[in-house]
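These notes are about the structure you will find just below.
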Amino acid sequence: MTELIFLGTGAIRPQTPGDHTAMLLRHGDANLLLDAGPAVLMQLHRAGIDPAAITHVYFSHQHGDHMVGSVVLPFYPGFRTLMGAAPVLEAWRQLMHVVYPGLLVRLEPQIAYHPLPCDHAHPCPALPGVTVRLALAHHGNVPAYAIRLDISPSADAGTQGRFSLVYSGDTTPSQAVAKLAAGVDLLIHEATYLESSGEDVGEVHSSARAAGALAQQAGVRCLALVHRSAGDPAVWRDEAAGIFSGPVLTPLAGDRLHLPNDLAAFCR
Ligand SMILES: [Zn+2]
């Protein structure tokens, strides 16, 4: 069984302070952190996860609400694989160089850098049975990426235990993300704002309606809206559900999905 823990689901100014979007995927002995905003240590603590247990970290892009909390992770012992597109990993190294000059050289044996290619599947480093694939998203003036994970829980589970998910990271509605997400079981898409609010940050972000439209186009089984600004989650859900015919989740920090069983229950 694989578990997905929503550590936070908010945008840069979330409803609850420190609730920046981040997730933890627990698969076998591996704990893969997907993004790490300023409060990630507190988020892990609330979820009962020892930071030393993090084996993999993936960054969607370099913005502070997705990366800045990770600078203290190297102080927790353990070997860690850092994954992401090459420009994003380079941004992380530069960030570390500014905040803790010289530290990365000392920690070299504890960190494996794994730049992920775009547009083709790649075995996930040190995570048997998992493949990853990136797509270049569109998020203002920084390189930002969506990630797809295809997971076979165990060799003997055959096709039964398989499932796939995409995490969009921050992006405007993107055809590259729609293509990446084609037919996945779970699309975790950012929905920073509501189209109905009249607010428009469409140059850099997606609305709940746009996330719903993209989920419908990609034919995903289930949509989860994250990176939500302050407001009633039900309004986000209703806006996306107006255009997406499948189940729409608006997870809160601490919510957990046991995969693939919980999805099967939602998608009956
Ligand atoms: Zn961003």
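Pairing each residue of the range 98-123 that is over 13 Å from residue 147 (Cα atoms) with any residue that is surrounded by fewer than 11 Cβ atoms within 10 Å (Cβ to Cβ) and of a type outside the set (Phe, Trp, Tyr), provided the two are 6+ apart or on different chains, yields C-beta distances under 8 Å for 110/77.
Across the range 61-75, which residue is farthest from the chain's Cα centre (by Cα) among those that are of a type in the set (A, V, I, L, M, F, W, C) and within 16 Å of the ligand (Cβ to nearest atom)?
From the range 61-75, those of a type in the set (A, V, I, L, M, F, W, C) are 67-68, 71-73, 75; that's our starting set.
Checking which are within 16 Å of the ligand (Cβ to nearest atom) leaves us with 67-68.
Numbers: 67: 12, 68: 15 Å.
Of everything passing the filter in the range 61-75, 68 is farthest from the chain's Cα centre (by Cα).
The residues of the range 178-221 that are in contact with a Gly (Cβ under 6 Å, 6 or more places away or on another chain) and within 16 Å of the ligand (Cβ to nearest atom) amount to a single one, 204. On the stretch given as the range 1-17, residues that are part of a loop (DSSP other than H, G, I, E, B), charged (D, E, K, R) and touching a strand residue (DSSP E or B) at 6+ places or on another chain (Cβ under 9 Å) total 0. Considering the range 18-40 alone, what residues qualify as being touching a strand residue (DSSP E or B) at 6+ places or on another chain (Cβ under 9 Å), part of a loop (DSSP other than H, G, I, E, B) and either without any contact (Cβ under 8 Å) to a residue 60 or more places away in the chain or away from the ligand (no atom under 16 Å from the Cβ) (or both)? Within the range 18-40, 18, 28, 36, 37, 38, 39 meet the criteria.
On the given criteria, is residue 58 surrounded by 15 or more Cβ atoms within 10 Å (Cβ to Cβ), under 26 Å from residue 188 (Cβ atoms) and among the aromatic types (Phe, Trp, Tyr)? Spelling it out, residue 58 is indeed surrounded by 15 or more Cβ atoms within 10 Å (Cβ to Cβ), under 26 Å from residue 188 (Cβ atoms) and among the aromatic types (Phe, Trp, Tyr).
This table checks each residue for (1) in a loop (DSSP other than H, G, I, E, B); (2) in contact with a helix residue (DSSP H, G or I) (Cβ under 8 Å, 6 or more places away or on another chain); (3) over 21 Å from residue 3 (Cβ atoms).
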| residue | (1), (2), (3) |
| --- | --- |
| 42 | no, no, no |
| 49 | yes, no, no |
| 66 | no, no, yes |
| 78 | yes, yes, no |
| 81 | no, no, no |
| 91 | no, yes, yes |
| 95 | no, yes, yes |
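Among the residues of the range 216-263, those that are of a type in the set (A, V, I, L, M) and either touching a Cys at 6+ places or on another chain (Cβ under 9 Å) or loosely packed, with under 14 Cβ neighbours inside 10 Å (or both) comprise 230, 234, 248, 249, 263. Checked against (1) more than 16 Å from the ligand (Cβ to nearest atom); (2) closer than 25 Å to residue 45 by Cα; (3) small (Gly, Ala, Ser); (4) surrounded by 19 or more Cβ atoms within 10 Å (Cβ to Cβ), residue 112 meets all criteria but (4). Here residue 171 passes the criteria (1) in a helix (DSSP H, G or I); (2) within 15 Å of the ligand (Cβ to nearest atom); (3) β-branched (Val, Ile, Thr) except the one numbered (1). Somewhere in the range 119-141, is a residue within 16 Å of the ligand (Cβ to nearest atom), under 28 Å from residue 256 (Cβ atoms) and surrounded by fewer than 18 Cβ atoms within 10 Å (Cβ to Cβ)? No, every residue in the range 119-141 fails to be within 16 Å of the ligand (Cβ to nearest atom), under 28 Å from residue 256 (Cβ atoms) and surrounded by fewer than 18 Cβ atoms within 10 Å (Cβ to Cβ).
Within the range 240-268, work out how many residues are out of contact with any strand residue (DSSP E or B) (no Cβ under 7 Å at 6 or more places or on another chain) and within 18 Å of residue 209 (Cβ to Cβ). The number of residues fulfilling the criteria is 3.
Any read-out appearing in this document is the output of simple, stated calculations on the displayed coordinates, not a laboratory observation. In this text, all values refer to a predicted model and were calculated from it rather than measured experimentally. Backbone-built Cβ (ideal geometry, glycine too); neighbour counts: all protein chains shown.
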